[in-house]
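See below for the structure under consideration.
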Amino acid sequence: MPTELATLIEEQRTTVQDLERENSLAGWQANITGRPEDEAKAAELQAQLMRCYSDSARYAKLKELKAEDYDLARQQKLLVNRFTSNQMAPEVIDEIAKRDAEMDSLFNNFRGKLRGEAVSDNHLRDILKDSDDSALRKEAWETSKQIGAVSAPKILELVEIRNREAKRLGFPDYYQMRIQLQELEVDTLFALLDDVAKQTKPLFTAYKQNLDEQLAKRFGGRAEDMRPWHYADPFFQSPPNTEKVDIDVYFEGKGLEDITNRFFDSLGLDIKAIMANSDLYEKPGKCQHAFCTHIGRDTGDIRVLCNLRPNAQWMKTLLHEFGHAAYDMELDPELPFFLKGAAHTMTTESIAELMGRFSDNGVWLAKWAGVRPEDAGQIEKAAHAMHRAYMLIFTQWVLVMSSFERAMYADPSQDLNTLWWDLVEKFQQVRRPDNRHAPDWAAKIHLATVPGYYHNYLLGEMTAAQILHTLRTRVVSSEEELVTSPKVGAWLTENIFRHGSRYSWNDLLTRATGEPLNAKYFVEDLA
């Protein structure tokens, strides 16, 4: 006979299974269309799902029952964490879901105005990537921040509600609750981030000084005169191409979907059905970013949203999102319902980032992007330099985001505009614009829609470096095998994907690589 805990977990499964699927589908539709009626439906279903985890009697029972086996204990822990975050009154749940949907709608539909014309994020990035006109670049950068003035008060209202509910549950603030319920501790997390920051700062400082000297020659002036709009990304979270090699040209006129299909197929991961079920190109009202979603964790209906253009950045993004997709695709179908998901956000991010970084690999570029043999050496060198630059820049960017969010939830009444630029100058070493006091921080969608998340990208990169080291030393014998062999897909499936969330993130990584998460391989790659 099922135990009392097993019966309780089964009751929760029947409560949420269909609703999870409907909620995911509604969220997908809202992100595709941007229509108010689709967004309203998504908000209502999200609220219904949250209410399924707010039952205080079931929550109390879950916490007190004793698990008789490992899988039950693991499901119990994950469910207790989920219930904890949703111990709110129904009207509060409805309000949060409504506000979350409004933020999604704002970022999906907002188009900044550049010289009187509404423009997409892709258009602004193209200017920052290609234009030599400093005045136009500054206008484009400022346009990318226009949404901040609209979103900032809305974000702060959400912060107030989230903090209020977290404190009612006994947490210092919402950010600390969010981290703890991800099976992390804030002090441990920031000790790890601080260690990475300390080890990479000299490398980044040297890179940044050289970059500013190159940009000064390009735009005129001195290195110390460079400002945020002189970099190739609105937030300086990715590098400009200073290698004088146009990698974008290798993707012009090519189907990024076809390249991705063939690459994953060579690894023994058939993602063609997911590709066919995805939405990959720009359209009015559509979310301008990229994500992968599973329409119900037990359906096999996995989809990717992108806004593709034939360039290297979108090639990397497509590979990244299909890394997430492959993970979900290869989950063991026999796993208990509540273990059918990645071990942790950072774990699925690690696979996404591993796949994305292959587009910087010279052997991958030769095999899958058609780089000519006579160009292979130059492209390999440029791709490696670009990857190193990206990781040095991105590390500092994550430190800005994580430090800002932690401080914002700790004291949302402080001068956040000044705090933002203090952190940008400290970590990214980018000088703030003169006489500017605007909520530039609020132009970053993650602060609005996925709180307490951004650190997972850097932890994911560290995990990816550790997994990549294991693949190179234990699984394949050459770089060509790394990007063409089904042994890679088989190892990832057997050691990472199939286990779902049966093991905690660090337990899973230790089982797979022989050691818990550490910064060693990540820093070695950069050095």
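Taken together, the values in this text are just the output of simple stated rules run on the coordinates, not laboratory data. Everything quoted here is computed from the prediction, not taken from an experiment. We place every Cβ from the backbone using ideal geometry, glycine too, and count neighbours over all the protein chains shown.
Between N277 and A490, what is the spin-label point distance in nm, taking each point 7 Å from the Cα along the Cα→C-beta axis?
It works out to 2.7 nm between the two label points.
How much length, in nm to one decimal, is gained on full extension between E515 and D225, taken as 0.36 nm per residue of separation minus their Cα-Cα distance?
Between E515 and D225, full extension yields an extra 99.9 nm.
Under a plain spin-label model, where a point goes 7 Å from the Cα along Cα-to-Cβ, how far apart in nm are D194 and A135?
The modelled label-to-label distance comes out at 4.8 nm.
If the cut-off is a Cα-Cα distance under 13 Å, which aspartates and glutamates reach K444, setting aside same-chain residues fewer than 8 apart in sequence?
Within the straight-line cut-off, K444 pairs with D104, D121, D233, E405.
If R₀ is 35 angstrom, what is the calculated FRET efficiency for the pair D332 and V80, using the beta carbon separation as r and rounding to 0.05?
Working: r = 23 Å, r/R0 = 0.66.
Step by step, r from the Cβ atoms, then E = 0.95.
Can you give me the relative contact order of the stretch 186-526 as a percent, contacts being Cα pairs under 8 Å and 6 or more apart? Display every interim value, and only then the final one.
Details: 469 pairs, mean separation 74.3, N = 341.
Once divided by the residue count of the stretch 186-526, the mean separation gives 22 percent.
Which value, in debye to the nearest 20, describes the size of the charge dipole of the stretch 186-526 about its Cα centre when Lys and Arg Cβ atoms bear +1, Asp and Glu Cβ atoms bear -1, and nothing else is charged?
340
Along the positive direction of the dipole of the stretch 214-357 (beta-carbon charges: Lys, Arg +1; Asp, Glu -1; about the Cα centre), which of A276, T299, N311 reaches farthest?
It is N311.
Could you work out how far apart the two model spin labels at R115 and N435 are, taking each label as a point 7 Å from the Cα in the direction of the beta carbon, and quote it in nm?
2.3
So how do 438-447, 343-352 stack up, highest first, on mean other-Cβ count within 10 Å?
Top to bottom by mean Cβ count within 10 Å: 343-352, 438-447.
Please give the length that would be gained between T473 and R35 if that part of the chain were fully extended, namely 0.36 nm times their separation in residues minus their C-alpha to C-alpha distance (nm, one decimal).
152.7 nm
Taking only DSSP H segments of four or more residues, each worth -39500 (n - 2.57), what value at 222 nm results for the chain once the sum is divided by all its residues, to the nearest 500 deg cm²/dmol?
The per-residue figure over the chain is -20000 deg cm²/dmol.
With a sphere of radius 15 Å drawn around the Cβ of E461, what net charge do the other residues whose Cβ falls strictly inside it have (Lys, Arg +1; Asp, Glu -1)? The partial results should precede the final answer.
Values: positive: K316, R357, R388, K520; negative: D195, E349, E353, D360, E524, D525.
Here the charged neighbours net out to -2.
Rounded, prolate or oblate for the stretch 389-431? Axes are the square roots of the Cα gyration tensor eigenvalues, ordered a ≥ b ≥ c, and the cut-off for rounded is a/c under 1.5.
oblate
So, by mean Cβ neighbours within 10 angstrom, what's the order for 450-463, 253-266 with the highest one leading?
Highest-to-lowest ranking by the protection proxy: 450-463, 253-266.
So if each residue of separation counts as 0.36 nm, and I subtract the Cα-Cα distance between E252 and K63, what length gain in nm does that give? All intermediate terms of the calculation are to be shown ahead of the outcome.
On the way: separation 189, 0.36 × 189 = 68.04 nm, distance 5.57 nm.
Contour length minus the Cα-Cα distance gives 62.5 nm.
Of K426/K520; K208/K283; K77/K198; K98/K286, which sit over 28 Å apart, Cα to Cα?
K208/K283; K77/K198
With Cβ to Cβ distances under 13 Å as the rule, what net charge do the other residues near M391 carry (K, R +1; D, E -1)?
-2
Cα gyration tensor of the stretch 104-224, axes a ≥ b ≥ c as square roots of the eigenvalues: rounded (a/c below 1.5), prolate (a/b > b/c) or oblate?
oblate
Taking the Cβ of P284 as the centre, find all other residues whose Cβ is under 11 Å away and add up their charges (Lys, Arg: +1; Asp, Glu: -1).
Values: positive: R35, R111, K283, K286; negative: E282.
Neighbour charge sum, excluding P284 itself: +3.
Give the calculated FRET efficiency between A376 and D126 to the nearest 0.05, with a Förster radius of 30 Å applied to their Cβ-Cβ distance.
Once the sixth-power term is evaluated, E becomes 0.60.
Pull out a ≥ b ≥ c, the square roots of the eigenvalues of the alpha-carbon gyration tensor of the stretch 157-269, then state rounded if a/c is under 1.5, prolate if not and a/b is larger than b/c, and oblate in the remaining case.
Cα axes put the stretch 157-269 in the oblate bin.
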